[in-house]
Amino acid sequence: MSAPSSEVIEDFIAGMRVLSSGVPGGYQERGDGVVLNVIGLASPSTNTIHILEPTASRVDARRFVEQLREAGLPFVLRVRPNPPDWVTTLAAESGLVQQLAFPIMQLVPSAPLEIRELPVIVEVDPADAELVRRVTDAFTSGNEAPPGVFDPLVAPRMFDRPEAAVYAALHNGVVTSVGIRLQVPDAVGVFGVATPPEHRRRGLGEAITARIVIDGLAAGARSAFLGATPMGYHIYERLGFRTVETWTFHVPGPPSRE
């Protein structure tokens with residue numbers, strides 16, 4: 001039986017705090033029913049205003065929008081079900097006119113995870129500068145982003161966080177998939193799983209997710225959580241993750257069709 005959704009959401013927000021604290025300039029700030037999470041990358045989804053309550057403060061949300069604009073950072077809104085009536089207006093005013101589903105998923109394992117044809121997966125050692133460079137390139141390629149955008153995810157500050165760990169799948173020395181473990185009290189978060197296009201459809205995302213979960217459970221977690229992308233959703237389902245809530249992701253782009 002899944003934990004109440006409010007507990008999973010608190011785990012998710014706590015995981016985002018761990019992630020942001022591992023990036024230079026990253027931070028999390030709480031308002032009334034609103035949480036700002038800044039990782040600080042030039043990618044909108046890494047700077048997020050979370051609208052978590054039906055009574056969330058419009059004043060706090062607007063204040064966070066202004067902070068991001070002043071910092072020159074692109075951003076998105078992530079909104080729980082039953083949001084305040086002002087959210088759509090704020091999103092439109094911010095140019096976030098496309099809406100996407102964003103499932104929050106949880107796994108409460110009842111048996112050990114089984115992984116088919118497990119590839120070599122390592123927890124990245126920050127002392128291995130060449131591996132760190134290749135992992136950085138894999139994050140960039142896997143997210144189909146411009147060079148440099150995701151470099152801070154594997155900067156020294158991330159490795160200094162005891163609650164975070166970076167993983168890489170390897171094949172003949174080539175980094176074929178990457179991901180990040182975020183440890184919070186009683187739970188482990190899976191973040192940033194990315195596979196470069198030339199290595200997709202080989203089960204690598206599933207394998208690296210399973211390794212993150214296995215290590216998180218060994219470190220004391222009783223459950224795992226993540227926010228699913230359309231590409232990863234069915235992978236996570238196969239591993240036993242189930243949707244707890246489906247949020248609305250307000251992002252830049254063409255307006256969503258009704």
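Just one of the listed residues (Val178, Val184) is free of Cβ contacts under 8 Å to residues at least 60 places away in the same chain, buried (at least 20 other Cβ atoms within 10 Å of the Cβ) and over 24 Å from Gln99 (Cβ atoms), and it is Val178.
The C-beta contact set for the stretch 83-97 (first residue among the β-branched types (Val, Ile, Thr), second residue surrounded by 15 or more Cβ atoms within 10 Å (Cβ to Cβ) and not in a loop (DSSP other than H, G, I, E, B), distance under 6 angstrom, 6+ apart or interchain) comprises Val87/Ile51; Val87/Val79.
Yes or no, residue by residue, for (1) in contact (Cβ under 8 Å) with a residue 24 or more places away in the chain; (2) in a strand (DSSP E or B); (3) of a type outside the set (D, E, K, R):
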residue	(1), (2), (3)
Ala127	no, no, yes
Thr140	no, no, yes
Glu144	yes, no, no
Leu153	yes, no, yes
Val166	yes, yes, yes
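Consider Asp160 carefully, then state whether it is at pLDDT below 95, of a type in the set (D, E, K, R) and either in the same structural domain as Leu204 (by TED's automatic domain parsing) or surrounded by fewer than 21 Cβ atoms within 10 Å (Cβ to Cβ) (or both). Taking the combined requirement at face value, the residue satisfies it. Exactly one residue among Arg211, Arg134, Arg202, Arg181 is at negative phi, touching a strand residue (DSSP E or B) at 6+ places or on another chain (Cβ under 9 Å), in a strand (DSSP E or B) and of a type in the set (Lys, Arg), and that residue is Arg181. The single condition from (1) touching a strand residue (DSSP E or B) at 6+ places or on another chain (Cβ under 7 Å); (2) assigned to a loop (DSSP other than H, G, I, E, B) that Glu29 fails is (2).
With respect to (1) in contact with a His (Cβ under 9 Å, 6 or more places away or on another chain); (2) modelled with pLDDT of 95 or more, the lone exception for Pro83 is condition (1). Check whether at least one residue in the stretch 70-82 is in a helix (DSSP H, G or I) and assigned by TED's automatic domain parsing to the domain that holds Glu10, and report yes or no. Yes: one or more hits.
Among the residues of this structure, Thr48 does not count as one that is in a loop (DSSP other than H, G, I, E, B), modelled with pLDDT of 95 or more and β-branched (Val, Ile, Thr).
The rows are residues; the columns are (1) charged (D, E, K, R); (2) surrounded by 17 or more Cβ atoms within 10 Å (Cβ to Cβ).
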residue: Phe12; (1), (2): no, yes
residue: Met16; (1), (2): no, yes
residue: Arg58; (1), (2): yes, yes
residue: Pro84; (1), (2): no, yes
residue: Gln98; (1), (2): no, no
residue: Pro103; (1), (2): no, yes
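The residues on offer are Thr248, Thr243, and the sole one that is within 18 Å of Pro109 (Cα to Cα), among the polar types (S, T, N, Q) and outside any loop (DSSP other than H, G, I, E, B) is Thr243.
The values are calculated or read from the model by the stated rules, or taken from the named source; none is laboratory data. Values in this document were obtained by computation on a predicted structure and should not be read as measured data. Every residue, glycine as well, gets a Cβ built from its backbone with ideal geometry; the counts of neighbours run over all protein chains shown.
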